[in-house]
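The values are calculated or read from the model by the stated rules, or taken from the named source; none is laboratory data. All of these numbers come straight from a predicted model, not from anything done at the bench. Cβ sites come from the backbone with ideal geometry, for glycine too, and all protein chains shown count toward neighbours. For accessibility, only protein heavy atoms count, side chains too; no ligands or nucleic acids. Shrake-Rupley method; radii C 1.70, N 1.55, O 1.52, S 1.80 Å.
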Amino acid sequence: MRLLVAEDEVLMQELLTLHLSADYDVVIAKDGAEALEKINLETFDAILLDIMLPYVDGFTLCAEVRRMSQTPILMLTARTEVEDRVRGLELGADDYLVKPFDFAELKARIHALIRRSTMQEEKDESVIQYGPFKMDIQSFSVYMDGQKIDFTVKEFELLKQLALAPNQVFTRDDLLHLLWDEDHERDGRAIDSHVKNVRYKMKKIGTSTKLIKTVWGLGYQFDMPEDAHV
């Protein structure tokens, strides 16, 4: 895991590197401008920001990071004023520590931030949403315009495979391979039947969206709702 440390004090840079390098690939930025450059060019699992940085201060840097990503941010400050801590949190920081701090506590907080971030990413990946269409893979549910639609297991799996790659055309053989094991007797008509059922259930709730589009001569493709944002 990679950790960006934006800190201008040389001694603190050395101490942070010493205590954190066993668990993380520590990248040092000696001022706010250098930190911003690294953030624009590289990916990090978490960012430690000192508030009092030269050129670009920690508050400004925090706001800029939040504009671009949800990378966990832990702010380090020698200030004890509540206003400074509140400002950092309002700008998007996830946590803060006041100097001097215990390095064991710092490591525990970084670990907790990364763990929560990873869990949130995994949760987000379980939901597919395009405009009024929403598919929750974990709860096995599909909604269109807020209305729940009940699909069979195979209908759900078929729709999931297509929705995961909305710009891709799948042949019947592609879908048969994805939905059934190698020993299953393959018949493209089974795919056609499931597509027909999905469309029928969509029509029943009164929407004009079919969800599955026929690409003549090739196969099927996810039918993106008109007001979807990808």
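Some points to look at:
- Residue match in region 43-55 (condition: in a helix (DSSP H, G or I) and touching a strand residue (DSSP E or B) at 6+ places or on another chain (Cβ under 6 Å)): no
- Restricting region 171-204 to residues that are in a loop (DSSP other than H, G, I, E, B) and at pLDDT below 85, the residue that is nearest to Phe156 (Cα to Cα) is Trp180.
- Search result, residues across region 110-139 that are modelled with pLDDT under 80, of a type outside the set (Asp, Glu) and open to solvent by 60 Å² or more (accessible area, probe 1.4 Å): Arg116, Met119, Gln120, Lys123
- Criterion violated by Thr209 - all others in (1) modelled with pLDDT under 85; (2) in contact with a Lys or Arg (Cβ under 6 Å, 6 or more places away or on another chain) satisfied: (2)
- Among the candidates Leu158, Leu162, the residue that is at pLDDT 90 or above, open to solvent by less than 40 Å² (accessible area, probe 1.4 Å), in contact with a strand residue (DSSP E or B) (Cβ under 6 Å, 6 or more places away or on another chain) and under 21 Å from Ser139 (Cα atoms) is uniquely Leu162.
- When the residues of region 140-155 are filtered to those that are open to solvent by 30 Å² or more (accessible area, probe 1.4 Å) and among the acidic types (Asp, Glu), the one that is nearest to the chain's Cα centre (by Cα) is Asp145.
- Those residues of region 66-88 which are open to solvent by 20 Å² or more (accessible area, probe 1.4 Å) and touching a Phe, Trp or Tyr at 6+ places or on another chain (Cβ under 7 Å), in sequence order: Thr71, Arg85, Arg87
Rundown of residues vs (1) in contact with a Lys or Arg (Cβ under 7 Å, 6 or more places away or on another chain); (2) surrounded by fewer than 18 Cβ atoms within 10 Å (Cβ to Cβ); (3) among the polar types (S, T, N, Q), yes/no style:
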{"residue": "Glu7", "(1), (2), (3)": "no, no, no"}
{"residue": "Glu14", "(1), (2), (3)": "no, yes, no"}
{"residue": "Thr17", "(1), (2), (3)": "no, yes, yes"}
{"residue": "Glu37", "(1), (2), (3)": "no, yes, no"}
{"residue": "Glu42", "(1), (2), (3)": "no, yes, no"}
{"residue": "Ala46", "(1), (2), (3)": "no, no, no"}
{"residue": "Met52", "(1), (2), (3)": "no, yes, no"}
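- Lys107 being in contact (Cβ under 8 Å) with a residue 12 or more places away in the chain, under 16 Å from Leu3 (Cα atoms), open to solvent by less than 80 Å² (accessible area, probe 1.4 Å) and over 21 Å from the mean Cα position of the chain (by Cα): yes
- Once region 62-112 is narrowed to residues that are of a type in the set (A, V, I, L, M) and in a loop (DSSP other than H, G, I, E, B), the residue that is nearest to Phe44 (Cα to Cα) is Ala93.
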